[in-house]
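Asks: So that we are looking at the same thing, I have put the structure below in structure tokens.
The values are calculated or read from the model by the stated rules, or taken from the named source; none is laboratory data. Since the model is a prediction, treat every value here as computed from it, not as a measurement. Note that each Cβ is placed from the backbone with ideal geometry, even for glycine, and that neighbours are counted across all protein chains shown. Remember, those area values only see protein heavy atoms, side chains included, never the ligands or the DNA or RNA. Shrake-Rupley method; radii C 1.70, N 1.55, O 1.52, S 1.80 Å.
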Amino acid sequence: QGLFVVFIITLYWIVLTPGEVPAVEKGSGYVGRASLYVCLPVLLGILVATGSYRAYEDVMHEESASRAFGNFLHSHPKYANAILIGEPDFELESVHYYVDNPIYIVRERRFGTTVRFVRSAQQQLSLGELLRVAQDVQTREKRDVLIALGHLKELDPTERVSTVTSVRNVFRGTFSWSAEELRAFNASTQPLQRFADNVIGDERYAIYRLVARQPE
């Protein structure tokens, strides 16, 4: 949008260059002057108003919880090597700019810092499967695992009754849960921190520490 506005202004600049004003029809001249003296100032006024609002939001609020999460990890050295798992997984991509913790992408069954929006990625994922994968990763890597759960409006594992049992993301498919899976998740995790206050972007989540699986 910004490039388009610059393009329009550049066209006016070219047309109004002294000595290079092209001959125009009388009617089109009226239209051109109306657009120049009315429409363009209105457009610029709208851009100033919306831009000021966005600048205010950027100063007063956070667009992402990633920096706060990074500060939390830095302030807790025991989690310096913890493996991070997110759902939605792409909400943890920016955390990589603040900490060096490895990130495990459950839908792709691999470690990485960016998700790949490919057909081979798992499209349907449940809370129970997410928990099992996290436990397997913890057992295999012998590290702490921290799970960042988004979907804060729809999912709160501490609630006894949930009227919503699944959410769908256009890019990463479906995430679902049942009452039994919620109970298992609560029994296997410890709530650590919630990063949602003063965050106006999509990267908002609650952090849970995976409790070590008991020997079978």
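Asks: Let me confirm something: among L73, L84, L92, which residue is more than 25 Å from S166 (Cα to Cα) and either crowded, with 20+ Cβ neighbours inside 10 Å or among the hydrophobic types (A, V, I, L, M, F, W, C) (or both)?
Replies: L73
Asks: Restricting attention to region 79-101, report how many residues are farther than 27 Å from R183 by Cα, in contact (Cβ under 8 Å) with a residue 12 or more places away in the chain and out of contact with any helix residue (DSSP H, G or I) (no Cβ under 6 Å at 6 or more places or on another chain).
Replies: Number satisfying all stated conditions: 6.
Asks: Which number in (1) open to solvent by less than 20 Å² (accessible area, probe 1.4 Å); (2) touching a His at 6+ places or on another chain (Cβ under 6 Å) marks the one condition that I200 misses?
Replies: All conditions pass for I200, except number (1).
Every residue, every condition in (1) modelled with pLDDT of 70 or more; (2) surrounded by 11 or more Cβ atoms within 10 Å (Cβ to Cβ), yes or no:
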residue	(1), (2)
V24	no, yes
G27	no, no
V38	yes, no
T50	yes, no
Y56	no, no
E63	yes, yes
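Asks: Across region 143-185, which residue is most open to solvent (accessible area, probe 1.4 Å) among those that are part of a helix (DSSP H, G or I) and in contact with a strand residue (DSSP E or B) (Cβ under 9 Å, 6 or more places away or on another chain)?
Replies: That would be E181.
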